[in-house]
1. I need the Kirkwood Rh of the chain: take the reciprocal of the average 1/r across all distinct C-alpha pairs and report it in angstrom.
2. Would you mind telling me the share, in percent, of accessible area of the range 118-208 contributed by carbon and sulfur at probe 1.4 angstrom?
3. Using r as the Cβ-Cβ distance of Lys409 and Ala164, and R0 as 25 Å, what FRET efficiency do you calculate, to the nearest 0.05?
4. For a quick check: with amide H placed at 1.01 Å from N, whose amide H comes under 5 Å from Asp377's, ignoring anything fewer than 5 positions away on the same chain?
5. So, with a 1.4 angstrom probe, what is the percent of accessible area on the range 405-554 that is carbon and sulfur?
6. Per DSSP H run of at least 4 residues, take -39500 (n - 2.57); add these up for the chain, divide by its residues and hand me the 222 nm value, nearest 500 deg cm²/dmol.
7. May I ask you to list the residues of the range 203-223 whose amide nitrogen lies under 15 Å from a point 7 Å from Cα along the Cα→beta-carbon direction of Asp379?
8. If you bin the C-alpha pair distances of the range 466-576 every 10 Å from 0, what whole percents do you get?
Amino acid sequence: MDQTRAQSDPAFQWRLTDIFESNEAWEKEFQAAQARVAALPEHSGKLTASADALLAALTAQSGVSQSVERLYCYAHMRRDEDNGNTLYQGLTDRAMQLIVEAQAACAYIVPEILTIPVETLRRWAAEERFSPFRFYLLDLDRRRAHVLSTQEERILAMAEEPLAGADNIFTMLSDVDLDFGYVTNEKGEQVKLTHGSYSTFLDSPDRRVRREAYEKLYAAYGSVRNTVCAAYVSSVKGDVFRAKVRGYEGALEAALFENDVPVAVYEQLIEAVHEKLPAMRRYLALRREQLGLERLEMYDLYTPIVPDCAMPMDYEEAKTVVKEALAPLGEHYQQLLEQAYTEGWIDVYENAGKTSGAFSWGVYGVHPFVLLNHQNDVDHAFTLAHELGHAMHSYHSNAAQPYETADYKIMVAEVASTVNEVLMMRRLLNRETDRKKRAYLLNQFLEQFRTTCFRQTMFAEFELKAHRMAERGEPLTVESLSAVYRSLNETYYQDVVVDDNIAIEWMRIPHFYRAFYVYQYATGICTAVALANDILENGAVDRYITFLSSGGSDHPVKLLQNAGVDLTDKGSILSALEVFERCVDELTEILREESKDGRTV
């Protein structure tokens with residue numbers, strides 16, 4: 001991309017002056033924030049004295065948090081416009097350092113709060129003036145049993161950096177030191193194999209290319225298998241150590257306690273996905289048929305089974321399609337979309353140095369922002385819908401909640417964005433009469449389901465098995481972990497060749513160093529499918545908007561229950577997976593009918 005930021009059209013740029021009107025205004029706020037950070041320790045040692053003292057400290061902490069967040073967000077998004085801009089590199093670094101200083105300056109708050117007698121803290125939290133902080137205080141109270149003495153907490157905090165070292169070791173090895181070599185592409189050219197190019201190679205219609213990339217990637221990981229295993233085992237044992245020290249039953253229980261998620265949610269997700277594996281097998285059988293293969297290999301799972309279908313869609317059309325697709329969400333939602341399109345919420349096109357990909361971000365008190373790198377096709381139109389889902393979630397939460405409860409947890413973060421994608425998919429399928437395009441859309445949706453729900457659940461099951469092995473004192477070795485992973489692949493991908501390469505795939509998954517995180521991708525897509533269906537079939541718009549407006553005012557499972565999806569009920573997952581089943585049936589019918597007629601979709 002040769003076009004510079006200055007050369008790109010301002011009409012398609014976000015308007016960050018809505019956060020700070022100038023760099024001078026940012027600098028003025030930075031100086032004021034520094035003074036507020038320096039003043040935070042003045043409250044130390046006073047929080048137990050009275051409700052007034054506690055409220056003063058919490059209010060000061062909240063004000064500092066909001067200020068430094070605004071400073072960092074502005075600086076970072078300015079840098080995102082052109083990562084080579086040294087001015088905004090500097091502002092971002094300064095803002096990050098101020099965040100670290102603020103965290104250190106208020107480190108006394110939680111330990112002091114937890115020395116307040118239980119009944120006293122609950123009585124104070126019930127007062128109206130504490131309403132913005134009530135959920136925070138009661139949640140701290142919930143955690144009491146797992147909080148240690150001040151000295152023990154200090155030791156654990158000091159140990160956290162070395163405990164987290166396994167992740168850094170893996171990152172350096174996987175992203176920096178490992179050399180995967182080169183792959184000969186379809187044109188006979190030698191192309192460097194990287195994490196980024198690997199997915200492109202697996203998409204290739206040339207099976208030789210797919211196989212070569214697959215074998216070389218795993219040969220590289222296999223060459224350092226003992227080192228990677230040592231890093232992962234260290235990570236697992238670190239999780240087990242933290243859980244034991246804090247008195248949790250196990251590492252899973254410790255991870256889920258953070259968001260008050262019942263263990264049954266995790267376990268029932270796995271059970272539900274297992275029950276629907278026959279639908280996955282039918283989908284894989286269809287894939288094998290369409291590719292004309294006797295047996296599917298693992299490197300055959302990503303290449304499209306519906307040939308590329310030209311579905312051009314420029315930005316103006318994408319905006320229209322997204323707006324039409326989201327019409328069921330009501331008139332106010334439509335008005336907000338129009339504001340996003342016309343009032344500087346969205347940064348649309350690529351320019352030199354701009355951050356790649358797409359995201360939504362923002363700060364409390366200002367509308368959300370969306371970064372895109374739009375290309376004129378239907379996939380990027382889906383990206384617009386996805387990011388606007390995040391943006392509208394933030395808008396509604398910020399409008400309805402005080403700053404202290406406006407931010408929402410990761411477990412619900414992908415729900416609104418995926419609801420938008422599902423609504424858009426339903427809209428496009430409802431209006432599409434061309435069988436080739438319909439098959440293309442169905443295959444896109446099924447692949448999203450396969451990779452986001454089935455695959456992530458398999459990952460979640462592996463994490464659980466690995467941690468339970470450690471908790472039982474069983475040896476974690478390359479052989480034992482690979483045996484577990486091989487067995488899971490044989491269960492999830494029955495009739496696909498499970499070879500020695502895929503048995504060590506666990507070695508290259510970075511999410512495994514943040515244990516018990518990936519299950520939320522699976523619950524997220526299942527929740528979104530259920531909510532989208534509830535909106536379209538039952539008109540449950542008000543309940544959905546209430547969910548968008550709830551921010552972090554309660555724990556994720558309870559917020560989703562209020563929205564109409566009970567993740568403690570396995571039926572919620574099963575009903576979403578039935579949508580996957582129906583889409584497999586329809587795609588099978590289209591492709592086999594076309595094959596019977598001698599045509600190619």
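1. That comes to 26.5 Å for the chain.
2. Details: 3120 of 5510 Å².
In the range 118-208, the share of accessible area belonging to carbon and sulfur is 57 percent.
3. Efficiency, from the Cβ-Cβ distance: 0.75.
4. When sequence neighbours closer than 5 places are left aside, the close amide H contacts are Met313.
5. Working: 2250 of 5180 Å².
In the range 405-554, the share of accessible area belonging to carbon and sulfur is 43 percent.
6. -20500 deg cm²/dmol
7. Those under the cut-off are 203-205.
8. Reading the bins upward from 0: 12, 31, 25, 21, 11, 1.
The values are calculated or read from the model by the stated rules, or taken from the named source; none is laboratory data. What you are looking at is a predicted structure, and each value in this text was computed from that prediction instead of being measured. Cβ atoms come from the backbone with ideal geometry, glycine included; neighbour counts cover every protein chain shown. These area figures cover heavy atoms from the full protein model, side chains too; ligands, DNA and RNA do not enter into them. Shrake-Rupley method; radii C 1.70, N 1.55, O 1.52, S 1.80 Å.
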